[in-house]
1. Kindly provide the set of residues from the range 167-221 that are loosely packed, with under 14 Cβ neighbours inside 10 Å and in a strand (DSSP E or B), ordered by number.
2. In the set 28, 33, 99, which member is closer than 27 Å to residue 197 by Cβ and of a type in the set (Gly, Ala, Ser)?
3. Would you check if residue 141 is outside any strand (DSSP E or B), under 20 Å from residue 285 (Cβ atoms), of a type in the set (A, V, I, L, M, F, W, C) and in contact with a Lys or Arg (Cβ under 6 Å, 6 or more places away or on another chain)?
4. Out of everything in the range 103-132 that is among the hydroxyl-bearing types (Ser, Thr, Tyr) and either touching a residue at least 24 places away in the same chain (Cβ under 8 Å) or assigned to a loop (DSSP other than H, G, I, E, B) (or both), what residue ends up being farthest from residue 266 (Cα to Cα)?
5. Pick from the range 45-62 the residues that are closer than 16 Å to residue 6 by Cβ and either in a loop (DSSP other than H, G, I, E, B) or outside the structural domain of residue 11 (by TED's automatic domain parsing) (or both): which of them is farthest from the chain's Cα centre (by Cα)?
6. Given the structure, is residue 239 surrounded by 18 or more Cβ atoms within 10 Å (Cβ to Cβ), under 22 Å from the mean Cα position of the chain (by Cα) and touching a residue at least 12 places away in the same chain (Cβ under 8 Å)?
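The values are calculated or read from the model by the stated rules, or taken from the named source; none is laboratory data. Note that the structure is predicted; figures quoted are calculated from it, not measured. Neighbour counts are summed over all protein chains in view; Cβ atoms, including those assigned to glycine, are modelled from backbone coordinates with ideal geometry.
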Amino acid sequence: MELRHLRYFLTVAEELSFTKASQKLFISQPPLSRQIKELENEIGTELFIRNNKRVELTDAGKYFKQKIESQLQELEVTILQTKRIGENLSGEYRIGYISSTFSNTITQLVQFLMKKYPYLNIKLYEASTAKQIAALEQSKLDIGVVRAPVISTKVDSKLWLRDSFSLVYNNQIIKEHVTDLKDLQNEVFVFFNKDYAPTYHSLLLQICAYHGFIPNLVHESNNVNSIIQLVRYGLGISIVPSSIIHNHAYRELSFIDLGGEYTTEVLIATPKNNKSVITEVVSEYLLS
């Protein structure tokens with residue numbers, strides 16, 4: 001059994017047509033049929049039901065397809081890792097992050113890596129936690145900075161920091177003395193988009209419920225910097241991670257820490273079976 005047999009099988013299994021599969025593989029149909037027959041003979045069972053009208057997977061074929069897909073994905077990861085080792089740390093290194101963590105720390109990390117690995121091509125990707133986890137599972141990211149929880153058997157994670165929340169508002173528009181979130185319960189709120197960051201969005205609603213009200217959500221954004229700017233220009237108020245305050249020291253903004261009843265954990269996430277020397281160095285740097 002050769003690798004090409006498996007790739008041919010998966011293409012036919014996806015297309016359920018020898019004609020379409022042969023076109024996709026750029027080979028003629030008779031050799032493709034022979035290759036599939038060789039595979040079936042070697043396994044000792046039929047993988048496809050063939051007739052003049054259609055092609056279907058047998059139960060054995062469905063099982064084989066499921067197993068082979070995951071094994072080929074692991075093989076591709078192994079090949080990619082081997083290639084990186086051969087490049088002697090001079091290839092790409094891909095770092096994912098959520099917008100609320102892009103601070104001096106990330107910038108300093110890039111500077112650190114450029115000094116240590118001057119031939120490394122570093123790529124930064126801002127993405128939601130869910131998208132980063134999916135990319136890490138497929139080894140499309142080398143490391144990710146995400147918010148808990150990480151629910152994946154293919155991704156490892158370590159706690160980077162535990163962050164509290166702060167209320168932010170425009171003090172030139174809201175001039176009365178504010179001491180508590182409930183003081184502004186009738187104001188328009190700006191939150192992270194529910195579909196983009198569902199866990200984070202839900203946590204903000206819980207914070208408002210803890211203070212005894214349901215927020216009037218009018219504006220949403222996928223980026224914490226956009227949220228800050230909306231608040232800065234008087235389009236609402238918001239609840240943000242306290243760690244971002246030093247990056248947004250605008251004179252028209254005021255921040256009030258909401259205490260430790262609710263916190264959010266920021267994690268360093270890596271592919272479980274795709275560690276590299278650089279990833280270990282990055283993890284040590286961030287966690288030091």
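1. Residues satisfying the conditions are 216, 218.
2. 99
3. Judged against the criteria, residue 141 is a match.
4. Filtering first and then ranking leaves 119.
5. Among them, the one singled out is 45.
6. Against the criterion (surrounded by 18 or more Cβ atoms within 10 Å (Cβ to Cβ), under 22 Å from the mean Cα position of the chain (by Cα) and touching a residue at least 12 places away in the same chain (Cβ under 8 Å)), residue 239 does not qualify.
Residues are listed down the side, and each one gets a yes or a no for (1) of a type in the set (Gly, Ala, Ser); (2) under 22 Å from residue 274 (Cβ atoms); (3) loosely packed, with under 15 Cβ neighbours inside 10 Å; (4) modelled with pLDDT of 85 or more:
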position: 18; (1), (2), (3), (4): no, no, no, yes
position: 35; (1), (2), (3), (4): no, no, no, yes
position: 52; (1), (2), (3), (4): no, no, yes, no
position: 55; (1), (2), (3), (4): no, no, no, yes
position: 72; (1), (2), (3), (4): no, yes, yes, no
position: 88; (1), (2), (3), (4): no, yes, yes, no
position: 112; (1), (2), (3), (4): no, yes, yes, yes
